[in-house]
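What follows is a single structure, written as structure tokens, with notes after it.
The values are calculated or read from the model by the stated rules, or taken from the named source; none is laboratory data. Everything numeric in this text was worked out from a predicted model, so none of it was measured. Glycine also receives a Cβ, built like all others from the backbone with ideal geometry; neighbour counts cover every protein chain displayed. Areas reflect the complete protein model, heavy atoms only, side chains present, ligands, DNA and RNA absent. Shrake-Rupley method; radii C 1.70, N 1.55, O 1.52, S 1.80 Å.
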Amino acid sequence: MPGYQSINSKMLQVAIGPGQEVYSKRGAMLAYTGPVSFAPSTTAGQGVGGALGRAVAGEHSAMMHVTGQGSVMFGHGGLHVSVVELNGADTLYAEADRLLVHDATLQVGTMFMGEQGGVRGIVRGAVTGQGLFTTTLTGHGACALLSHGGVMELPITPQRPVHVDPQAYVAHRGQVQNKLTTAVGLRDLIGRGSGEGFQLELSGSGVVYVQASERKI
């Protein structure tokens, strides 16, 4: 697995070598050393069927397949970069445009929001502007997420669900159910921001990554 080394809060250095290939967001390469190659990828490790599914779903971000022998520095738009390690036990759920780079060893998929929350999941995607589909990463490896202002990791337990502003939500992992909730009436929602009117409730066992802003990527 490539080593992910933070240069600072907004730049990441990744080692590339045999068996250490990655997929990166197109345009995210800042500099590199050694004989490293970058090739456009429409599948990002999903296979043709999975790529077509992502395209139809609209959950797609242009990626580059990075191979060779060397070291690559990544960053994007001055956004903060956070590394997440996956050990094969959990699945990470995140929007495609949040992914800066991920190991080629990870399996990439697309999940319909209705699978996590039924109709409420569909409503959540429509109301928050996050769409009806999300990207999944499973297996052994690492990835890096983009956010405004960095992220904090909040544990989710059966006894302690977490409520998050939908616009501050970045990703989550584990056996987690999510639904959109509101504590005020429709009339009271007028003039309120997303976090004041709606909250994303996550329950079960896992972790949610929350950014320090309500801005989208």
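Data table
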{"quantity": "Conditions (1) in a loop (DSSP other than H, G, I, E, B); (2) at pLDDT 95 or above; number of the one not met by Tyr209", "calculated": "(1)"}
{"quantity": "Residue identified as within 30 Å of Tyr32 (Cα to Cα), assigned to a strand (DSSP E or B), modelled with pLDDT of 95 or more and in contact with a Phe, Trp or Tyr (Cβ under 8 Å, 6 or more places away or on another chain) among Ala144, Ala171", "calculated": "Ala144"}
{"quantity": "Qualifying positions in the stretch 87-98 - open to solvent by 10 Å² or more (accessible area, probe 1.4 Å), under 22 Å from Phe133 (Cβ atoms) and part of a strand (DSSP E or B)", "calculated": "Asp90, Thr91, Tyr93"}
{"quantity": "Leading residue by the ranking (modelled with the highest pLDDT) among those in the stretch 61-114 that are among the acidic types (Asp, Glu) and under 13 Å from the mean Cα position of the chain (by Cα)", "calculated": "Glu85"}
{"quantity": "Those residues of the stretch 22-34 which are open to solvent by less than 60 Å² (accessible area, probe 1.4 Å) and within 18 Å of His76 (Cα to Cα), in sequence order", "calculated": "Val22, Tyr23, Ser24, Lys25, Ala28, Ala31"}
{"quantity": "From the options Gly19, Gly53, residue that is at pLDDT below 95 and exposed (fewer than 15 other Cβ atoms within 10 Å of the Cβ)", "calculated": "Gly19"}
{"quantity": "Some residue of the stretch 3-13 being open to solvent by less than 50 Å² (accessible area, probe 1.4 Å) and modelled with pLDDT of 95 or more", "calculated": "yes"}
{"quantity": "Out of Leu180, Leu200, sole residue that is modelled with pLDDT under 90, touching an Asp or Glu at 6+ places or on another chain (Cβ under 8 Å) and closer than 27 Å to Ser9 by Cα", "calculated": "Leu200"}
